[in-house]
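Enquirer: First the structure, which I've put down as C-alpha cells, then a few questions once you've had a look.
Each reported figure results from applying straightforward, stated rules to the coordinates on display, with no laboratory input. On a predicted model such as this, the values are computed, not experimentally measured, just so you know. Counting neighbours? That spans all protein chains shown, and the Cβs are built from the backbone with ideal geometry, glycine included.
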Amino acid sequence: MASNIHLRHRLVKTIRRFLEDRADFIEVETPILTRSTPEGARDYLVPARNKPGEWYALPQSPQLFKQMLMVAGFSRYYQIARCFRDEDLRADRQPKFTQLDMEMAFIDSEGIMNLVEDLICTVFSKVVGINLQKPFPRITYSDALSRYGTDRPDTRYELPMADVSKVVAGSSFRVFSDCVAAGGVVKALRVRQGIRISNSRVKAKGDVFAQAVNCGAKGLVYIRVEEGKKIVAAKNVVEGLSQEQKEELLNVCDAEPKDLLLLVAAESMHHANRVLSDLRFFLAKDLGEFRETDDALVWVTEFPMFEWNDNDERWDCLHHPFTAPSPATIPENGDLTGATALAYDLVYNGVEIGGGSMRIYKRELQMQVFKTIGLSDDKAKEKFGFLLDCFDMGAPPHGAIAFGVDRLAMLLAGASSIRHVIAFPKTTQAECLLTGAPAPVKLGQLDDLGVRMQTKDAGSES
C-alpha cells in the first residue's frame with residue numbers, strides 16, 4: 001500500500017511538471033461548493049445555512065468553470081480536481097475521486113491528442129520505466145463495437161468479431177434465420193488457429209460453451225474452417241447453409257484454414273456484443289494471447305452525439321451536453337440526433353483512462369443541444385445562463401480531456417482496485433471504516449440548517 005501511495009505521488013508530480021514546464025499550462029482551482037446541474041449521476045448536496053431551503057452541490061467535474069476560464073483568457077488550464085458523484089460503487093469507483101482536468105483554447109482534436117500522447121509517454125517512462133510508441137493507434141466507435149464488441153477495446157490481442165446476420169438471414173438453419181427475422185442479430189467471433197480448442201470444449205457440456213451461457217448467450221454454434229473453404233460443424237448447421245452462404249460467411253469473418261468461428265444469436269446487437277466481448281477476454285486469457293505486462297493504448301473516436309433512451313423515450317448525450325458535433329455530420333435541416341461528436345477516449349488494455357472532446361462555444365448550438373435532450377429554453381437559462389452569457393462575450397474554440405488519477409495509478413501499480421492507491425478509501429457502501437463516516441449528527445445541527453430528518457421505516461420526522 002505504501003509503495004502504491006508513493007507511485008501515486010510520482011504520477012501527480014510528473015503530470016504537473018510536464019504540463020507546467022513543457023506545455024505552458026497553469027493550475028487553477030475551481031469551486032467545490034457550486035450549484036446542482038444535470039450531469040448524469042446524483043449530486044452530493046450541501047444545505048446552505050444562511051439560505052434556508054437552498055442547496056449547494058459538490059462538483060461532479062469542473063466542466064462549466066473551465067469553459068468559462070477559456071472565455072476569460074486562460075488558454076491552457078489544468079487542475080488535479082476532486083470530484084464527487086453519488087452513484088452505485090464498484091471496485092474502480094469511489095464517491096470522491098481525483099481527476100486530471102485539462103482545457104485548451106485555439107486548438108483542435110489533433111492537437112489535444114498529440115499533446116496527450118506526449119504526456120502519457122512521459123508518465124509511463126518516468127513513473128514505471130515503460131517506453132511507449134507514438135502515435136497511438138486509432139479506431140472509430142462503430143468499428144470498435146463491430147470488431148471488438150465494446151467501445152473500450154483491449155487491443156493486446158485480436159480475436160475479432162463480425163456481424164453475419166445478413167449472411168445467415170435466409171438460411172434453413174432456423175436458430176439463425178428465425179433470430180434475424182425477429183429483429184435479432186447473429187455475430188461471430190474468429191479464433192485464429194482454433195484447432196487449439198477441442199470440440200468437447202465448445203459443445204454443450206464444454207467450458208467454452210458454459211462461459212458463453214454465463215455471459216448471457218442462449219447457446220453457442222461453432223464452425224471449423226478447413227482447406228478449400230470447407231466448413232465442419234454440426235450437421236444441421238452445415239446443411240442449413242448454402243455453398244454461397246458458407247463462402248460469404250468465411251469472407252465476412254476473414255476466416256482462414258484452421259480457424260474456429262464461434263457464433264451467437266441474440267435479440268440485439270448490444271446483447272451479442274456483451275456476450276462475445278466477455279467470451280473474447282476469456283479465450284484470450286485461456287489461449288495465452290497476451291501477457292499481463294503488455295501495454296496497448298488506442299484512441300476511440302467518432303462517437304455518436306446522442307443515444308436513444310427507451311425507458312424515458314428521449315435522447316441522451318453519449319458524453320455530455322457541452323460536446324461539439326462534427327460540422328460535417330450535421331444535415332441541412334440541423335437535426336443533431338444523427339451527428340457525430342468531436343470526442344475521443346483513450347483506452348489502455350481495455351480500460352478507459354481518459355476522455356474528452358471539443359466544446360460547443362456558440363449559444364445557438366448549445367441551446368440546440370439542450371433542446372435535443374428535452375431541456376426547455378427556460379430550464380436551460382435557469383441552470384446554465386451564466387455559461388450561455390459567457391458565449392455571448394466571444395468564446396474561443398476550445399477542447400478538453402480528463403483522466404481519472406485514481407484509475408491510472410491503479411493500472412500503473414498493477415493493483416486490482418482503486419482503493420489500493422487511495423489513502424483512507426471508502427468501501428463499496430461509501431463508508432469510511434476508520435472514522436465511521438457517514439454518521440448521525442445532533443438534531444441541533446440540523447435545526448441550524450433548517451433540515452428535518454425523516455425515517456424510512458415509519459415515515460416520521462424528527
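Enquirer: Can you tell me the relative contact order of the stretch 1-58? Whole percent, Cα pairs under 8 Å, sequence separation 6 or more.
Expert: About 25 percent, as a whole number.
Enquirer: Over the stretch 23-119, one equal point on each Cα, no solvent: what is log10 I(q)/I(0) by the Debye formula at q = 0.12 Å⁻¹?
Expert: Log10 I(q)/I(0), no solvent term: -0.48.
Enquirer: Specify whether the C-alpha gyration tensor of the stretch 377-462 places it in the rounded, prolate or oblate class, a ≥ b ≥ c being the square roots of the eigenvalues: rounded for a/c under 1.5, otherwise prolate if a/b is larger than b/c and oblate if not.
Expert: oblate
Enquirer: For the chain, what relative contact order do you get, as a whole percent, if you take Cα pairs closer than 8 Å and at least 6 residues apart?
Expert: On the way: 810 pairs, mean separation 85.9, N = 462.
Averaging sequence separation for qualifying contacts and normalising by length gives 19 percent for the chain.
Enquirer: Also, I was wondering about something else. Can you compute log10 of I(q)/I(0) for the stretch 243-310 with the Debye formula, treating each Cα as one identical point scatterer, at q = 0.15, 0.17, 0.18 Å⁻¹?
Expert: -0.85, -1.03, -1.09
Enquirer: OK, next. Enumerate the calculated ³J(HN,Hα) couplings along the stretch 121-127 in order (Karplus 6.51 cos²θ - 1.76 cosθ + 1.60, θ = phi - 60°), each rounded to whole Hz, writing x wherever the residue is Gly or Pro.
Expert: Once θ is set to phi - 60°, the couplings for the stretch 121-127 become 4, 5, 4, 4, 5, 6, 8 Hz.
Enquirer: What order do you get for MET367, MET453, MET104 when you list them from fewest to most C-beta neighbours inside 10 Å?
Expert: MET453, MET367, MET104
Enquirer: Can you tell me, using C-alpha contacts under 8 Å and at least 6 residues apart, the relative contact order of the stretch 99-241 as a whole percent?
Expert: 14
Enquirer: Now, a different point. About the Cα centre of the stretch 248-370, how large is the charge dipole given +1 on each Lys and Arg Cβ and -1 on each Asp and Glu Cβ? Please answer in debye to the nearest 20.
Expert: 420
Enquirer: Subtract the Cα-Cα distance of GLU87 and GLU332 from 0.36 nm times their separation in residues, and report this length gain in nm to one decimal.
Expert: 84.3 nm
Enquirer: So for the stretch 123-177, what are the equivalent ellipsoid semi-axes in whole Å, largest first, each being the square root of 5 times an eigenvalue of the Cα gyration tensor? All intermediate terms of the calculation are to be shown ahead of the outcome.
Expert: Working: eigenvalues 297, 21, 12 Å².
Semi-axes from the Cα gyration tensor: 39, 10, 8 Å.
Enquirer: Say the dipole of the stretch 43-202 comes from +1 at the beta carbon of Lys and Arg and -1 at that of Asp and Glu; which of PHE84, PHE106, LEU45 then lies farthest toward its positive end?
Expert: About the Cα centre, the residue reaching furthest to the positive side is PHE84.
Enquirer: Near the amide H of ALA57, under 5 Å away, which other amide H atoms are found, from residues 5 or more places off or on another chain, if H is placed in the peptide plane?
Expert: Amide H neighbours of ALA57, under 5 Å, 5+ apart: THR34, ARG35, SER36, VAL46.
Enquirer: Still on this model: Can you give the calculated 222 nm mean residue ellipticity of the chain, where each DSSP H run of n ≥ 4 adds -39,500 (n - 2.57) and the sum is split over every residue, rounded to the nearest 500 deg cm²/dmol?
Expert: So the helix-based figure for the chain works out to -10000 deg cm²/dmol.
Enquirer: Then there's this: Return the long-range amide H neighbours of GLY354 (sequence gap of 5 or more, or a different chain), with a cut-off of under 5 Å between placed amide H atoms.
Expert: LEU346
Enquirer: Report the residues of the stretch 411-436 in range of a label on TYR44: point 7 Å along Cα→C-beta, backbone N strictly under 19 Å from it.
Expert: 418-436
Enquirer: Okay, moving on. Pop the C-beta distance of GLN368 and ARG452 into the FRET formula with R0 = 51 Å and round what comes out to the nearest 0.05.
Expert: Once the sixth-power term is evaluated, E becomes 0.75.
Enquirer: Per the Kirkwood formula on distinct C-alpha pairs, the Rh of the stretch 166-226 is how many angstrom?
Expert: 12.9
Enquirer: What list of ³J(HN,Hα) couplings, whole Hz, do you get for the stretch 362-371 from phi and the Karplus terms 6.51, -1.76, 1.60, once you set θ to phi - 60° and write x for glycine and proline?
Expert: Working through the residues one at a time gives 10, 4, 4, 5, 5, 5, 5, 5, 4, 5 Hz.
Enquirer: How high is the FRET efficiency from ASP377 to ALA72, r the C-beta distance, R0 45 Å, rounded to 0.05? Mind showing how you got there, number by number?
Expert: On the way: r = 26 Å, r/R0 = 0.57.
Between ASP377 and ALA72 the formula returns 0.95.
Enquirer: Based on the Cβ-Cβ distance from SER36 to LYS235, what FRET efficiency comes out when R0 is 51 Å, to the nearest 0.05?
Expert: After rounding, the FRET efficiency stands at 0.25.
Enquirer: Ranked highest first by average number of other Cβ atoms within 10 Å, how do 58-71, 312-325, 20-33 line up?
Expert: 58-71, 312-325, 20-33
Enquirer: Work out from phi, with θ = phi - 60° and the Karplus expression 6.51 cos²θ - 1.76 cosθ + 1.60, the ³J(HN,Hα) of each residue of the stretch 139-150, listed in order in whole Hz, and give x for Gly and Pro.
Expert: Each residue of the stretch 139-150 in turn: 8, 6, 4, 5, 5, 4, 5, 5, 8, 10, x, 7 Hz.
Enquirer: Another one. Along the positive direction of the dipole of the chain (beta-carbon charges: Lys, Arg +1; Asp, Glu -1; about the Cα centre), which of SER198, LEU388, VAL232 reaches farthest?
Expert: The residue sitting farthest along the positive end of the dipole is SER198.
Enquirer: Please sort 416-425, 122-131, 396-405 by packing, taking for each peptide the average over its residues of neighbouring beta carbons within 10 angstrom, highest first.
Expert: Numbers: 416-425: 16.9, 122-131: 14.9, 396-405: 21.6.
Result, highest mean Cβ count within 10 Å first: 396-405, 416-425, 122-131.
Enquirer: Treating only the Cβ of Lys, Arg, Asp and Glu as charged (+1, +1, -1, -1), what charge dipole size does the stretch 301-368 show about its Cα centre? Round to the nearest 20 debye. Numbers along the way, then the final one.
Expert: Values: 4 positive and 11 negative charges, 84 e Å.
With Lys and Arg at +1 and Asp and Glu at -1, about 400 debye.
Enquirer: How big is the chain in terms of Cα radius of gyration and Dmax, in angstroms?
Expert: Cα-based Rg and Dmax for the chain come out at 25.6, 83 Å.
Enquirer: As I understand it, the dipole of the stretch 299-454 uses +1 on the Cβ of Lys and Arg and -1 on the Cβ of Asp and Glu, about the Cα centre. Which of ILE373, GLY404, PRO304 lies farthest toward its positive end?
Expert: GLY404
Enquirer: Compute the signed sum of charges (Lys and Arg +1, Asp and Glu -1) over the other residues within less than 15 Å, Cβ to Cβ, of ALA210.
Expert: Computed value for this residue: +1.
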